[in-house]
Amino acid sequence: MQLVIGNKNYSSWSLRPWLGLKVAGIEFEERLHNLYAEHAREERLQWSPTGKVPVLLDDDLTIWETIAIAEYIAERFPLAQLWPQDPIARALARTVCAEMHAGFAALRTACPMDVRSRHAFELTPEVAADVARIVALWADCRERYGIASSEGEFLFGHFTWADAFFAPVVTRFVSYGIEVPTEAQLYMQTVLALPAMQEWIAAAELEAWTAP
Ligand SMILES: N[C@@H](CCC(=O)N[C@@H](CS)C(=O)NCC(=O)O)C(=O)O
């Protein structure tokens, strides 16, 4: 199984399946692609009909949307429990992943992932609204399934796809100095403390490629 990913410093979509696979201890071959190289789009079109990454290649199968990659991995490796076992929790985890996949345009546009940098940033009302929604969503999931349970500090107790989907938001809050309540900070620390997250951040810091 091969996962084609973009620059670790910039590619938020790539971080999500990479992190899920790593935390679950699933073996895969990583193929790192420079999104900004000359002819990069042509190169990506070899693997993906959309010309975007991440792309999961498994024998003859190609999956080019992050949410579909997540579902495929969860089905192929059920013991990894990348979705919560409880059907109600699982439905909520899928809902927040879908919300992340489709939403938060203001935050994503104003604060593109840039793991190794720190930017002075003034919140606009639109970004502030996205941040408030994310903070509320994290608190809701953690109150119901995280902190209240004995399973752990993640959104649904143990690590799930929901945490992978919000991991690039955690790095954005750090990079752009976005202040959040203590509870949200504790959640961010939980994500940042993952050895796989540290590995990604270290690689992003060392990456020589820069965006134009
Ligand atoms: N909907 C896609 C989005 C993937 C995406 O936008 N990937 C970016 C890198 S983070 C990309 O490949 N950009 C290159 C381009 O748009 O040409 C997914 O969920 O995987």
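We did not get these values from a lab; they are worked out from the coordinates using the rules stated. Here the structure is a predicted model, which means the values were calculated and not measured. All Cβ positions, even for glycine, are placed from backbone atoms using ideal geometry, and neighbour counts span all protein chains on display.
Remarks
- Coordinate range along principal axes, alpha carbons of region 2-79, Å, largest first: 41, 27, 19
- Note that region 195-212 has calculated 3J(HN,Hα) couplings of x, 5, 5, 5, 5, 5, 4, 4, 5, 5, 5, 8, 4, 7, 5, 10, 6, x Hz, one per residue in order, obtained from phi through the Karplus relation 6.51 cos²θ - 1.76 cosθ + 1.60 (θ = phi - 60°); glycine and proline are x.
- ³J(HN,Hα), Karplus 6.51/-1.76/1.60, whole Hz, each residue of region 95-112, x for Gly, Pro: 5, 6, 5, 5, 4, 5, 4, 9, x, 6, 4, 5, 5, 5, 6, 6, 10, x
- DSSP-loop trypsin sites (Lys or Arg not before Pro) across region 88-149, with at most 11 other Cβ within 10 angstrom: Arg118
- Here, P(r) means the percent of Cα pairs in each 5 Å bin from 0 to the largest distance; for the chain it is 1, 7, 15, 20, 21, 18, 11, 5, 2, 0, 0.
- Whole-Hz ³J(HN,Hα) from phi, Karplus 6.51 cos²θ - 1.76 cosθ + 1.60, for region 153-163, glycine and proline x: 9, 7, 4, 10, x, 7, 4, 9, 4, 4, 5
- Counting only DSSP H runs of at least 4 residues, each contributing -39500 (n - 2.57), and dividing by the residue count of the chain, the helix-based mean residue ellipticity at 222 nm comes to -16000 deg cm²/dmol.
- Computed FRET value (nearest 0.05) for Gln85 with Glu207, which takes r as the C-beta separation and R₀ as 45 Å: 0.80
- The GluC sites (Glu not before Pro) found in region 43-125 that occupy coil by DSSP, while having at most 12 further C-beta atoms within 10 Å, are Glu122.
- Each Lys and Arg contributes +1 and each Asp and Glu -1, all at the Cβ; summed about the Cα centre of region 83-197, the dipole is approximately 260 debye.
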